[in-house]
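The values are calculated or read from the model by the stated rules, or taken from the named source; none is laboratory data. The model shown is predicted, which means the values in this text are computed figures rather than measured ones. Cβ coordinates were reconstructed from backbone atoms using ideal geometry, including for glycine residues, and neighbour counts include every protein chain displayed.
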Amino acid sequence: MQKLFLLIFFVALGSPVWAGEVERSPLSIGEALRFPSKILGEERTLNIYLPPGYHKDQSKRYPVIYLLDGSMEEGFLHIAGLVQFGSFSWIHMLPESILVGVGNVDRKRDFTYASNALKDQKEFPSSGGSSKFIASLMKEMQPLIQRNYRVSGETTLIGQSLGGLLATEILVKHTNLFDHYIIVSPSLWWDGESLLKRIPANCCAAKAIYVGVGKEGAVMERLARELHDKIDPNGQRETVHFGYFKQLDHGDTLHLAVYDAFGKLFSNKPPQE
């Protein structure tokens, strides 16, 4: 009876009941750049999301957001969705931007500096390559994007977990490499918290910085809070923000934290509770 009703319904609408052949075509949201990294000695991949109007106005230039852990099976797709949504004209959370997802080969190697902690060395035997990765980011990846796309010069870095550790290392050691830093659930426990201990108070005064963390245990939550408080000990810098997501954990904090960061770093909207 239900099938008969649906048949009558579609006929009444004048729609064909049998559609016949279905046309299929690839659905793409961007492109991938593969290049041989001389610094890292291997092929690397950058996944690129371009704003919808990128090819229409050849004179317009765009900010670039670099996403660590930016492989297709990692953070690229859902962060690209946030970039698109946030730049809709009726949302106006952030300007139309190019997203560059930095694909991984060995994140434990690339996102960590050498640790003196035996536990770190045992659990992360390939660790200690962050200086080379940062050099590639600085001397190969950013110039590659600048040569191939119309960029404005404004840049943002997003890093979570070990990627947050690397983002913090870049913030401290190569402050001017990016204009905005979104650091989520940073693994600052690495090497006995040595990086956190080296951060001077009121560092990076000219930068816009967002630190976020979920309900991830006492250590992770303390480290994220201490990072924020070292950067802005008096809580008076309007360009430094902290987000705590008690309903989320280490696995799912990134999405809402980045959404919150976009709103606080780029728009004039009041922060959402």
- [ ] Report yes if Thr253 is closer than 12 Å to Ile182 by Cα, among the polar types (S, T, N, Q) and in contact with a strand residue (DSSP E or B) (Cβ under 8 Å, 6 or more places away or on another chain), otherwise no.
- [x] no
Open item on the list: Criterion first (at pLDDT 95 or above, within 19 Å of the chain's Cα centre (by Cα) and more than 19 Å from Glu169 (Cα to Cα)) does Val64 satisfy it?
Closed with: yes
Open item on the list: Tell me the residue from Ser115, Ser127, Ser25 that is at pLDDT 95 or above, more than 20 Å from Ile145 (Cβ to Cβ) and more than 23 Å from the chain's Cα centre (by Cα), please.
Closed with: Ser115
Task: Residues of segment 199-220 satisfying the condition of being out of contact with any Phe, Trp or Tyr (no Cβ under 7 Å at 6 or more places or on another chain), farther than 18 Å from Lys264 by Cα and not in a loop (DSSP other than H, G, I, E, B) - done: Ala218, Met220
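Listed here are the residues, each with its yes/no results for (1) closer than 22 Å to Thr253 by Cα; (2) charged (D, E, K, R); (3) surrounded by fewer than 22 Cβ atoms within 10 Å (Cβ to Cβ).
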site: Leu68; (1), (2), (3): yes, no, no
site: Gly81; (1), (2), (3): yes, no, yes
site: Ser87; (1), (2), (3): yes, no, yes
site: Ile98; (1), (2), (3): no, no, no
site: Gly101; (1), (2), (3): yes, no, no
site: Asn116; (1), (2), (3): no, no, yes
site: Phe124; (1), (2), (3): no, no, yes
site: Arg147; (1), (2), (3): no, yes, yes
site: Glu154; (1), (2), (3): no, yes, yes
TODO: With respect to Pro186, determine if the residue is modelled with pLDDT of 95 or more and assigned to a helix (DSSP H, G or I).
DONE: no
Open item on the list: Name the single residue that is surrounded by the fewest Cβ atoms within 10 Å (Cβ to Cβ) among those in segment 160-193 being without any contact (Cβ under 8 Å) to a residue 40 or more places away in the chain and over 20 Å from the mean Cα position of the chain (by Cα).
Closed with: Glu193
